[in-house]
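The values are calculated or read from the model by the stated rules, or taken from the named source; none is laboratory data. Keep in mind the model is a prediction, meaning the values are calculated, not measured. Positions of Cβ are generated from backbone atoms using ideal geometry, with glycine treated the same way; all protein chains shown enter the neighbour counts. Just so you know, the surface numbers come from the protein's heavy atoms only, side chains and all, with ligands and any DNA or RNA stripped out. Shrake-Rupley method; radii C 1.70, N 1.55, O 1.52, S 1.80 Å.
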Amino acid sequence: MEKFSILLSLVMLGLAICNVGRVEGAQKAPWRIQTLFSVECQNYFDWQTVGLMHSFRKAKQPGHITRLLSCTEEQKKTYRGMHLAPTFEVPSMSKHPTTGDWYPAINKPAGVLHWLKYSKDAENVDWVIILDADMIIRGRIVPWKLGAEKGRPVAAYYGYLRGCDNILAQLHTKHPELCDKVGGLLAMHIDDLRSLASMWLSKTEEVRQDRAHWGVNITGDIYEKGWISEMYGYSFGAAEVGLKHKINDNLMIYPGYAPREGVEPILLHYGLPFRVGNWSFSKADHDEDEIVYSCDQLFPQPPYPREVMQLEIDPNLRRGLFLSIECINILNEALLLHHAANGCPKPAWSKYVNFLKSRAFAELTKPKTVTPATLQMMEDAVQEHIDHDATRPYPKIHTVFSTECTPYFDWQTVGLMHSFRLSGQPGNITRLLSCSDADLKLYKGHNLAPTHYVPSMSQHPLTGDWYPAINKPAAVLHWINHANIEAEFIVILDADMIMRGPITPWEFKAARGKPVSTPYDYLIGCDNELAKLHTSHPEACDKVGGVIIMHIDDLRKFALLWLHKTEEVRADRAHYARNITGDIYESGWISEMYGYSFGAAELKLRHTINREIMLYPGYVPEPGIKYRAFHYGLEFKVGNWSFDKADWREVDMVNRCWAKFPEPPDPLTLDHNDEENLQRDFLSIECVKTLNEALRLHHEKMDCRKDGSISKLNVSSTLGNFSKNFESKENHKSADYSGEMVSVQKDGTGIPSSFRWWVLFLCAFSVFGFLVIVFLVHSSHKRKGMKMKHHRTRRRNL
């Protein structure tokens, strides 16, 4: 009986186990998940693959992942990255087989379609998640838990796809009302993907060929190159087959953005440049980087978490900064593990590598769980900083700035162009370059920016007056009369500016007849007899300048007046006095600024004056304001360090390899007790750091070598000019700076020669001292031995 009971118990236990197995099988069977991402045979995609694969494992993402690898047969012969991820090879469509159009982004829909047709994995999948390679997974992405249903995919919001609301959708889908502005993260049932895939590809081809509608005001593509045709191909293809998405604006976030309160994003999309304090990262800077195959090479180290705590007071903005450093830290952790797994020697100890291997970092980056706020879907709500009014197409913008053919303006141009690319500013940019014929023959900076060439008016052709500032209104007038301008609004900047974010008419409320500008409060001539002398409407004189946002129609009417009023004020030497103009030098140097204000007053163009667009480094910022531009026209200081652009008027910073400005202090060394001054100093440091980063990237593009020479180019004349200019500059600078200007010394190593001689002297002295000590010790032992020997001899004699 006892044996029977035992046998019965075992049978019941077996049945229970079988039943549990059947239940688990019933739960798992319909929920098989496949994650896909599309790449090409390039180093650029290889390091992104390493990062995404590591985050996939780290987040414990359920299901399998497959890399759709699009390569030509020629590329496969030399490709080194087949082992980086589970891979399904796809024929490359980068160059379209029919049209010959070069458009690598089409490989994404083409790769998905090829996988559906030819992969056995596609036959055993219920749910598909489609990601981009430039993503980091922070938490489990489970489609049905996110709200996805058959016929209702879940997707992230791409608010800039304004073509869903205008003629583009009407041209390319029969159901424009179903067009969703989505992309990035796509989670859908396999049956929906089968319905969509071929349409996704064909609509991509269709939009790509529609060059007549590539304009930014139609597509939202700031480059107007049709690069986002694949995104529209997806949205139009989904509309065509009747797929309406559940749109979520919380699951995915771009590093550099702050999540909403209570939201825990589970996906980082590092497709845009982002910064934390003075540190920044842009994936485009690593286009050809062999970081995957170079042992111990990592991306630039971001600030540590404790440093971020000091950078930002607002808790939510601080969360955004933490997400930014988490993104790059996980990429670097992935590279460390990849290098170790591929036979690289153990990396040398460093504080940063130790941090990446620490328990604290593991705790900070453990898989995240979605919150109720994260799962909240959106209907018509949009991210304010991405899309302010989706129903109204944005007007085209063109940014211009005026310079001359001098090294002084060249390094400013490099800085402004670098910041323009990072800022997200829509539209194109043009440098208005004023040069004499003689200067133009010797000028070397033609490739620094898109350029419109203007005859120089530095020396007035009629009066002979030397006044280079007049080139600004003269150049603007020349540009609007000679260039084909399609933009509706023009943004006018000075060369000595650093952009920190987009400056747009829709955000700052510019309109036809209502330009926007920043305050120039020192233009006191608007309030006294100067305005009465030079404009019929002194009451309309606005004290503005620096950044100008103006409708093109207003600029066409205004430009000639700007030039004429500048000439008029410049000729009025009787009223140069400081108490009339506010010009501390009383030289008429700010005549161009008055020319602008008086010219606008003549047309009764009243400005919206905005104090949140521009800041002078060295000024205390208003709390909570994200200034869009630095104007480093005045000297500014941080402790004992200072920067004045005038000190660098004669120095060729652009053509001399690795030249840079003296490094500002480390933010961690600042006094953190005075919050106002701390924020002021942070911004001052950011300004010069951005200039130095711009110069570094420019020198890399010049193909500068580590020894300071330029590869494959004869630059002896350039170096000679630089040495001459630098010696001239040294005569004007105090000796206190001699140790700081390390980057413009003759050898280009970045170490002052005097410092190296001191190091060599100390080394030699140390070696000599060591030998002396060894000699003395040896002599002492020898003497001691002689004494002992003599003592033993005496004892034997006794």
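How many residues does region 332-365 hold that are within 27 Å of the chain's Cα centre (by Cα), open to solvent by 70 Å² or more (accessible area, probe 1.4 Å) and without any contact (Cβ under 8 Å) to a residue 40 or more places away in the chain?
Of the residues in region 332-365, 1 are within 27 Å of the chain's Cα centre (by Cα), open to solvent by 70 Å² or more (accessible area, probe 1.4 Å) and without any contact (Cβ under 8 Å) to a residue 40 or more places away in the chain.
Among the candidates Lys660, Lys637, single out the residue that is outside any loop (DSSP other than H, G, I, E, B), open to solvent by 60 Å² or more (accessible area, probe 1.4 Å) and at negative phi.
On inspection, the qualifying residue turns out to be Lys637.
Could you please give the count of residues in region 265-301 that are assigned to a loop (DSSP other than H, G, I, E, B) and either modelled with pLDDT under 95 or within 24 Å of Leu84 (Cβ to Cβ) (or both)?
Number of matching residues: 23.
Can you tell me which of Lys174, Lys145, Lys117 is assigned to a loop (DSSP other than H, G, I, E, B) and open to solvent by 30 Å² or more (accessible area, probe 1.4 Å)?
Criteria check complete, one pass: Lys174.
How many residues are open to solvent by 10 Å² or more (accessible area, probe 1.4 Å) and assigned to a loop (DSSP other than H, G, I, E, B) if we restrict to region 461-486?
Result for region 461-486: 9.
What do you reckon, is Ala659 modelled with pLDDT of 95 or more, within 21 Å of Val414 (Cα to Cα) and in contact with a Leu (Cβ under 8 Å, 6 or more places away or on another chain)?
yes
Scanning region 663-685 for residues that are farther than 26 Å from Gly708 by Cα and assigned to a loop (DSSP other than H, G, I, E, B), which turns out most open to solvent (accessible area, probe 1.4 Å)?
Asn673
Condition check ((1) part of a loop (DSSP other than H, G, I, E, B); (2) surrounded by 17 or more Cβ atoms within 10 Å (Cβ to Cβ)) across all residues:
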| position | (1), (2) |
| --- | --- |
| Glu507 | no, yes |
| Asp521 | yes, no |
| Asp542 | yes, yes |
| Asp554 | no, yes |
| Leu563 | no, yes |
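With the condition kept exactly as written, say whether any residue in region 492-507 is under 17 Å from Gly595 (Cβ atoms) and without any contact (Cβ under 8 Å) to a residue 12 or more places away in the chain.
no
Would you check if Arg138 is assigned by the TED database to the domain that holds Ser324, touching a Phe, Trp or Tyr at 6+ places or on another chain (Cβ under 7 Å) and either of a type in the set (Gly, Ala, Ser) or crowded, with 19+ Cβ neighbours inside 10 Å (or both)?
Criteria not met by Arg138.
Tell me yes or no: at least one residue of region 372-390 is surrounded by fewer than 17 Cβ atoms within 10 Å (Cβ to Cβ), in a strand (DSSP E or B) and either modelled with pLDDT of 90 or more or not aromatic (Phe, Trp, Tyr) (or both).
Checking region 372-390: at least one residue is surrounded by fewer than 17 Cβ atoms within 10 Å (Cβ to Cβ), in a strand (DSSP E or B) and either modelled with pLDDT of 90 or more or not aromatic (Phe, Trp, Tyr) (or both).
Read through the list (1) in contact with a strand residue (DSSP E or B) (Cβ under 8 Å, 6 or more places away or on another chain); (2) modelled with pLDDT of 95 or more; (3) not aromatic (Phe, Trp, Tyr), then give the number of the only condition that Leu440 fails.
That leaves (2) as the condition not met.
Restricting to region 302-313, name every residue that is modelled with pLDDT of 95 or more and either aliphatic (A, V, I, L, M) or at positive phi (or both).
Passing the criteria: none in range.
Arg211 versus (1) modelled with pLDDT of 95 or more; (2) surrounded by fewer than 20 Cβ atoms within 10 Å (Cβ to Cβ); (3) of a type outside the set (A, V, I, L, M, F, W, C): which is the lone unmet condition?
Unmet for Arg211, out of (1) modelled with pLDDT of 95 or more; (2) surrounded by fewer than 20 Cβ atoms within 10 Å (Cβ to Cβ); (3) of a type outside the set (A, V, I, L, M, F, W, C): (1).
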